[in-house]
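For reference, the structure discussed in these notes is given below.
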Amino acid sequence: MNDIMPELTLETAPAPTLTLETKTEMAPVPKPAEAEQDLSPEELKMVEDFAQKIDLTNSTQILQYGAGSQKKVADFSGATLENIRTKDLGEIGDMVTGLVAELKGFDAAAEEPKGIFGLFKKAANQLEEMKTQYAKAETNVERITGMLQDHQVQLLKDIAMLDKMYEMNLAYFKELSMYILAGKKKLEEVRSTELPALMAKAQQSGLPEDAQAAKDLDDMCTRFEKKLYDLQLTRNISVQMAPQIRLIQSNNTMMAEKIQTSIVNTIPLWKSQMVLALGLAHSQQAIEAQRAVTDMTNDLLKKNAAMLKQGTIEAAKESERGIVDIETLQQTNRNLIETLDEVVQIQKDGRAKRAAAEAELGRIEGELKAKLLEVTR
């Protein structure tokens with residue numbers, strides 16, 4: 001329900017920047033009936049009464065007609081633009097993105113060390129590292145959550161403020177509509193009664209001052225018509241402001257809902273999952289330790305069984321062997337026979353060589369004796 005009542009005044013207000021230049025294509029002025037359908041009987045009565053107060057011969061009044069409402073719309077547009085400019089929704093998006101990065105940064109499924117000894121040695125340190133990582137992530141999440149809550153409160157305040165702005169914009173729109181409607185009524189009245197009367201009077205009297213009076217009133221009507229056109233342009237700005245305000249509200253509402261979802265659902269779910277992850281880490285370590293022990297036991301049993309098999313086979317083989325292998329006796333006998341054969345051969349060779357030496361010694365001795373006998377003669 002809009003509690004802001006429109007206000008029509010002909011008092012001189014601080015002159016805003018207005019344009020009274022002739023437009024090349026001036027939009028047609030809507031008929032009064034087109035605007036009357038949106039007004040209550042009390043507002044229509046206000047328009048009728050106000051139209052009777054308008055004096056088209058007053059240049060200042062024409063210049064300032066509706067200027068207060070135009071200034072309200074201009075100031076209101078500036079305030080809305082400032083609200084859009086100062087609303088840094090990107091910062092909230094960065095916070096939510098940072099929150100997601102923190103949640104993804106926690107890795108409870110870290111790679112386990114290999115081997116039973118490495119597992120027992122590093123398991124405790126790995127769990128402590130996981131707890132430290134969780135505490136760090138939790139601290140950052142709490143900090144980001146606090147900032148998001150502050151932004152959510154501000155967004156909710158802005159949403160309520162934008163509702164008020166929307167109501168104000170409706171009031172300004174209605175106020176401009178009433179100015180336009182009153183002006184059109186007055187313009188139609190002057191052009192249908194006063195202006196024809198002055199023109200008829202000028203034609204009858206033929207006096208220049210009467211002709212000038214009719215011309216001045218016609219010019220004032222034209223100026224006032226341009227003024228009403230400017231008010232229509234201002235009202236069009238007010239019409240455009242309504243969806244813009246609702247768009248800003250929609251953006252704020254979506255961000256507030258996103259923050260609410262993160263605070264109420266995402267963060268508690270993450271914390272519960274992290275608690276489960278830490279519990280599962282304990283269980284996983286116990287499972288890995290038991291698996292390592294079992295694997296090591298099986299390996300030892302397999303190795304011992306293999307060693308026992310090999311030892312038993314070798315012992316059995318050794319037990320079936322004699323003190324001296326037959327192959328060894330055969331080889332020894334062959335070597336002994338070969339040795340004896342070589343000894344016999346050597347002895348034969350020695351006897352032959354001695355016989356030859358004895359014969360040679362006899363010959364040498366004979367030659368020496370012959371030589372001695374020859375010398376004594």
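When Ser238, Ser40 are compared by accessible area of protein heavy atoms, the largest-first order is Ser40, Ser238, using a 1.4 Å probe.
Met46 contributes about 70 Å² of solvent-accessible surface, heavy atoms of the protein only, 1.4 Å probe. Scattering from segment 133-271 was approximated by placing one identical point on each alpha carbon and applying the Debye formula without solvent; log10 I(q)/I(0) at 0.12, 0.15, 0.21 1/Å stands at -0.70, -0.85, -1.13. Accessible surface computed residue by residue for segment 220-260, with neighbouring protein chains in place and a 1.4 Å probe, gives 44 Å² per residue.
With the cut-off at 21 Å, tell me which of the pairs Lys45/Lys215; Lys45/Lys184; Lys201/Lys227 have Cα atoms farther apart than that.
Values: Lys45/Lys215 32 Å; Lys45/Lys184 15 Å; Lys201/Lys227 28 Å.
Beyond 21 Å: Lys45/Lys215; Lys201/Lys227.
This model, with +1 at the C-beta of Lys and Arg and -1 at the C-beta of Asp and Glu, gives segment 163-230 a dipole about its Cα centre of some 120 debye. Phi angles of segment 223-233 translate, via the Karplus equation with coefficients 6.51, -1.76, 1.60 and θ = phi - 60°, into HN-Hα couplings of 4, 5, 5, 5, 4, 5, 5, 4, 5, 5, 4 Hz per residue; Gly and Pro are given as x. Counting only heavy atoms of the protein chains and using a 1.4 Å probe, Phe173 has close to 60 Å² of accessible surface.
Farthest towards the positive end of the charge dipole of segment 148-249, among the residues Gln152, Val190, Gln240, is the Cα of Gln152, using unit charges on the Cβ of Lys, Arg, Asp and Glu. Taking all protein chains as shown and a probe of 1.4 angstrom, Ile287 keeps an accessible surface of around 80 Å².
In a reduced charge model with +1 at each Lys and Arg Cβ and -1 at each Asp and Glu Cβ, segment 146-186 shows a dipole moment near 500 debye about its Cα centre. Across segment 198-206, rounded Karplus estimates of 3J(HN,Hα) from the backbone phi angles (6.51 cos²θ - 1.76 cosθ + 1.60, θ = phi - 60°) give 5, 5, 5, 5, 5, 5, 6, 7, x Hz, Gly and Pro being marked x.
The values are calculated or read from the model by the stated rules, or taken from the named source; none is laboratory data. This one's a predicted model, so the numbers in the text were calculated from it and none came from an experiment. FYI the Cβ positions are ideal-geometry reconstructions off the backbone, even for glycines, and counts take in every protein chain you see. All accessible areas refer to the heavy atoms of the entire protein, side chains included, with ligands and DNA or RNA removed. Shrake-Rupley method; radii C 1.70, N 1.55, O 1.52, S 1.80 Å.
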